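Worksheet: one structure, shown below.
The values are calculated or read from the model by the stated rules, or taken from the named source; none is laboratory data. On a predicted model such as this, the values are computed, not experimentally measured, just so you know. Counting neighbours? That spans all protein chains shown, and the Cβs are built from the backbone with ideal geometry, glycine included. The protein model used for the area step is the full one, side chains on, heavy atoms only, and it has no ligands, DNA or RNA in it. Shrake-Rupley method; radii C 1.70, N 1.55, O 1.52, S 1.80 Å.
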Amino acid sequence: MNEIPEVETMRSVLQRDLVGRRVKLATVTVGKLVKPHKSAKEFRTALEGHAIKEAQRLGRNLVFLLDNGHRLVLNAGSGQILMAATAKVTKPKFTQLVISFDTTGELRVVDPKGDARAYVAKPPVEGEGAEVSKFARLSVGGDGLALRKAINELADVGIDAIEDQIGWDRFAAVMRSRTTPLVEVLTDERIFSGLGDLYADEILFSAGLHPTRSAESLTTIEIRRLHRSFLEIIADAIKHEGTSFEDAPWTDPYGKAGSYQKFVQVFKREGQPCFQCRAPIKRVTSKTHDTYFCEKCQA
Ligand SMILES: [Zn+2]
C-alpha cells in the first residue's frame, strides 16, 4: 500500500540518500512502466547524466528535481521502490526499472501488478500547462500547486493533506458540495489524493463520524472535527513511517517496515472490540471498498 504516509516516508529517505547523486544508467525491462514516453530510450536519454537536486512528493507521486529543471516522476502504484547497496544484490522478481548512479548503489522499481509509472517531465511552455483541477485549486501552501503547474500529468492530482495546507473553510466548501457518503468523498482520488481505505476509515473514526453519512449533511462543528482528523491522522502515520500489515507488508526503500499499524483503531478489525467503547467493529461493503467503523463511537 502506497498512500501519502508511505510515499512521504520514501521521499524523506530518498531526499537524504539521492540528492547530489548523478544518474549513470536507467534500465527499463517493461516498456509500459515509462508509457508517457514514446520509448524506453527516450526516457533513458532524458534521465541519464543528470544529478538529482531535490526529492518532492504530491499525492502518491515521488518527484525528483533534476539539474536541468526537468523532473523525474515515480509512482510505485501497488509496487515498491527499493535501494540496493550494490548492483550485486539480487534483483527481486518483477524489477521493471533500475537506476544506477555515479556513486555505488541502485534504485529499483518492483511492480508485480504493472501499475507503476516512471517518466521525466519537462516544465510546460508558458501558457500551455494543463488546467489544474477545481479541487487542487483550493491548495494554499506547500509545493502542491507549483508541482501541478510544473508537471502536466499531475495537474489533476486531488488535494494532498500535507502539500496543499488546505484550511478548514476550503475543506468545508468541498464537503458542502458533495452529496455522497463521507467515505466515498475521502477515497475519491480526484478530490483527496493518497488517503486510501485505511486512512479514510481512521480519519472518520477519529472524527466520530459515520462513514455512510452524506458529506453535505455535516454541521460546521463536524466539518472542523473532520478537517482536524484529516490532518492529524496523516501527520501521525507519517511520524510512524507508514503502515505495514502482515498481509500487506509495506517497507521503505531499505526494507524497514512502518509502525502505524499499532495505532489503527478500526481498519480490518471487524468483530474485534473497539478500543474506546468495546463495541464490536462493523464492516460495510460497497462496490468499491470495505469500510470499517464503530457503530457507537461513530453514531
Ligand atoms: Zn467505539
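Summary of values
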| quantity | calculated |
| --- | --- |
| Every residue from segment 262-273 that is within 9 Å of the ligand (Cβ to nearest atom), open to solvent by 30 Å² or more (accessible area, probe 1.4 Å) and closer than 25 Å to residue 185 by Cβ | 265 |
| Residue within segment 253-261 that is among the hydrophobic types (A, V, I, L, M, F, W, C), open to solvent by less than 20 Å² (accessible area, probe 1.4 Å) and either in a loop (DSSP other than H, G, I, E, B) or on the phi < 0 side of the Ramachandran plot (or both) present | no |
| Scan of segment 188-209 for residues that are surrounded by fewer than 19 Cβ atoms within 10 Å (Cβ to Cβ) and either within 15 Å of residue 158 (Cβ to Cβ) or away from the ligand (no atom under 16 Å from the Cβ) (or both), ordered by number | 188, 189, 190 |
| Qualifying residue in segment 42-59 (condition: within 28 Å of residue 136 (Cβ to Cβ), modelled with pLDDT of 95 or more, open to solvent by 20 Å² or more (accessible area, probe 1.4 Å) and part of a helix (DSSP H, G or I)) | yes |
| First in segment 90-119 and in a loop (DSSP other than H, G, I, E, B), second anywhere and among the β-branched types (Val, Ile, Thr), Cβ under 6 Å, 6 or more apart | 92/110; 94/110; 104/86; 116/109 |
| Residue list for segment 1-32, filter: surrounded by fewer than 20 Cβ atoms within 10 Å (Cβ to Cβ), in contact (Cβ under 8 Å) with a residue 60 or more places away in the chain and not in a strand (DSSP E or B) | 1, 13, 17, 21, 29, 30, 32 |
| Selection count, segment 274-295, where residues are at negative phi, loosely packed, with under 15 Cβ neighbours inside 10 Å and near the ligand (Cβ under 8 Å from one of its atoms) | 4 |
